[in-house]
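Below is one structure; the comments refer to it alone.
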Amino acid sequence: MLGRYQPIVVANRAPLALEPADVYRNTPERLVKGAGGLVTALSSLASSTSALWVAVARDEADRALAARGDPAELVTEDGTTYRVAFVEPTPEAYDLYYNTVSNPLLWFIQHYLWDLAREPIVDTATLYAWREGYVRVNQMVADRVVAEALASAKPPLVFVQDYQLYCVPGMVRAALGDVRIQHFVHIPWPTPQYWTILPKSIRDAILHGLLGADVLGFQTRRDVRNFLLTCEENLGLAVDFRERTVFYEGRAVWVRNYPISIDVDGLLAQADSEEVIAEQARLLSWRPEKLILRVDRTDLSKNIVRGFLAYERMLDYHQELHGDVQFWAYLQPSRQDIDDYRAYLGSVLSVAARINRKFSRGGWTPIRVEVDDVMARALAGYRQFDVLLVNPIYDGMNLVAKEGVVCNRRDGVLVLSENAGSYEELGDFALTVNPFDIDETAEALYLGLTMDAPQKQARAERIRETVRAADINRWISLQVQDLRDLID
Ligand code: G6P
């Protein structure tokens, strides 16, 4: 169906990032996959449909990529080509859009991260950042989409992504009128009350922007319900909860959940690559008998500190495990221009150091923290863990839970937060925890490490089957099916 159309993927991030040459490590310049689950999933859509990808140039490295062509033809190390059209806001506008509004404000609201007794403080600076940063960058992106749509020989299908670009659907609709637009929100959608943290002008503009789309996609049924409620309660719109539809300016906007997933075959091929096998050999040279793993961006929503506190409890209760177990936290640095993120990484490191001081003996270190971003190393970890800890406070989906178990070779156990989107699909086969409860998490870590082989195998197999049955192709085809129903 997509063949008749020109798909345009619109996201803050480009699918690839430029990693400059490093003279000290003696590594050449590389084009590497961008961070986060959005890029992981959307890359499959873009490469399988020869979509044009409209992205925002985030920094000097992106501007260097933008200088390679318009759109730039970017070829990965495995030969996949992406066509990326960059918009280039001023660094000041980008900073207000990304570091003041998108993260932390919207990200913190949508993951319930604010300690409301103290933060956030909303003032005219917030409104300024909204206007001069967020809206301005959204308008630049929308203008670029409109230009590409008008230049295209085929009718465009616009796929806008995530919380950085909430105003884009409305802006594109205002310019083009009759055009098919889908917006997918990758992160949780909170309750209507929690949105009232934002000034009315901002929270209403977010809904008006989104409702410019024909179809709104979310990760889970809970997100869909919360969105419909928000339209009804905060904007007074007519909503049909059974049909999952919002009536807006004479149009019916469909609201659906499409749980995002992974490219299982592509990932498995990558997990067998020479680079990963070399990383695995390195890992095998230090791994203890039992390995607990976590792989996360250093984001407050990921709950890394409570994960360490739970592990500390487990070591308190189970002295017999000392020396035989290690917790490897493989963490990708994230959003380090934002104070809260820098402080959070500081807490992660200091809590791990305290626990290591408390228990280390005879060459055994209970926690190994690595802050780095080498995909092959994460994949080696996926192959080797005995327990994978995924305990976010709230998370849209969390693809680590899916990737990890699919790649694992030891029937490792997944310990999963009930507030991760992936809980809806995988919860029955994981050991599920309340992410705030460190005693319950300690118990789950212990159960995972000591579970008998047949039970481990049965659980891992069910997760692998579930992910296979609902992989990234299904995520794409469900959305295409709905667009087809809409167009026909
Ligand atoms: C999450 C968000 C994405 C974002 C990614 C990485 O997955 O849903 O929109 O791209 O995190 O975050 P960053 O701010 O580095 O792009």
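Here the helices (runs of 4 or more DSSP H) wholly within the range 424-488 that include at least 3 residues being assigned by TED's automatic domain parsing to the domain that holds Leu293 and at pLDDT 95 or above are 438-450, 453-469. Could you tell me whether any residue of the range 250-270 is among the polar types (S, T, N, Q), under 30 Å from Thr230 (Cα atoms) and in contact with a strand residue (DSSP E or B) (Cβ under 6 Å, 6 or more places away or on another chain)? Among the residues of the range 250-270, at least one is among the polar types (S, T, N, Q), under 30 Å from Thr230 (Cα atoms) and in contact with a strand residue (DSSP E or B) (Cβ under 6 Å, 6 or more places away or on another chain), which makes the answer yes. Can you confirm whether the range 187-198 contains a residue that is closer than 26 Å to Gly36 by Cα and of a type in the set (Ser, Thr, Tyr)? Among the residues of the range 187-198, at least one is closer than 26 Å to Gly36 by Cα and of a type in the set (Ser, Thr, Tyr), which makes the answer yes.
Residues considered: Ala41, Ala17, Ala85. Of these, the only one that is surrounded by 17 or more Cβ atoms within 10 Å (Cβ to Cβ), in a strand (DSSP E or B), within 14 Å of the ligand (Cβ to nearest atom) and not assigned by TED's automatic domain parsing to the domain that holds Gln332 is Ala17. Residues that are within 16 Å of the ligand (Cβ to nearest atom) and either touching a residue at least 60 places away in the same chain (Cβ under 8 Å) or touching a Pro at 6+ places or on another chain (Cβ under 7 Å) (or both) occur in the range 361-372; there is at least one.
Residues that are under 19 Å from the mean Cα position of the chain (by Cα) and either buried (at least 18 other Cβ atoms within 10 Å of the Cβ) or assigned by TED's automatic domain parsing to the domain that holds Asp452 (or both) number at least 1 in the following helices (runs of 4 or more DSSP H) confined to the range 269-372: 304-317, 339-359. Within the option set Thr245, Thr220, being touching a helix residue (DSSP H, G or I) at 6+ places or on another chain (Cβ under 6 Å) and either of a type in the set (Val, Ile, Thr) or closer than 30 Å to Gly79 by Cβ (or both) holds for one residue only, Thr220. In the set (1) more than 16 Å from the ligand (Cβ to nearest atom); (2) part of a loop (DSSP other than H, G, I, E, B), Met171 fails one condition alone, (2). Taken together, the residues in the range 412-445 that are closer than 19 Å to Phe218 by Cβ, charged (D, E, K, R) and surrounded by fewer than 18 Cβ atoms within 10 Å (Cβ to Cβ) amount to 2.
If a residue has to be touching a helix residue (DSSP H, G or I) at 6+ places or on another chain (Cβ under 8 Å), over 21 Å from Asp162 (Cβ atoms) and modelled with pLDDT of 95 or more to count, how many in the range 53-86 make the cut? Of the residues in the range 53-86, 0 are touching a helix residue (DSSP H, G or I) at 6+ places or on another chain (Cβ under 8 Å), over 21 Å from Asp162 (Cβ atoms) and modelled with pLDDT of 95 or more.
Candidates are the residues of the range 91-128 that are more than 14 Å from the ligand (Cβ to nearest atom) and within 16 Å of Asn12 (Cβ to Cβ); the one that is surrounded by the most Cβ atoms within 10 Å (Cβ to Cβ) is Leu96.
Considering the range 47-64 alone, what residues qualify as being more than 14 Å from the ligand (Cβ to nearest atom) and either crowded, with 20+ Cβ neighbours inside 10 Å or assigned to a loop (DSSP other than H, G, I, E, B) (or both)? Selection gives Ser50, Ala51, Leu52, Val54. Scanning the range 219-236 for residues that are over 21 Å from Glu249 (Cβ atoms) and outside any helix (DSSP H, G or I) gives Gln219, Thr220. Among what's in the range 20-38 and is within 16 Å of the ligand (Cβ to nearest atom) and assigned to a strand (DSSP E or B), pick the residue that is nearest to Ala64 (Cα to Cα). Once the filter is applied, the top-ranked residue is Val32.
The values are calculated or read from the model by the stated rules, or taken from the named source; none is laboratory data. Everything quoted here is computed from the prediction, not taken from an experiment. Heads up, the Cβs are rebuilt from the backbone with ideal geometry, glycines too, and the neighbour counts pull from every protein chain shown.
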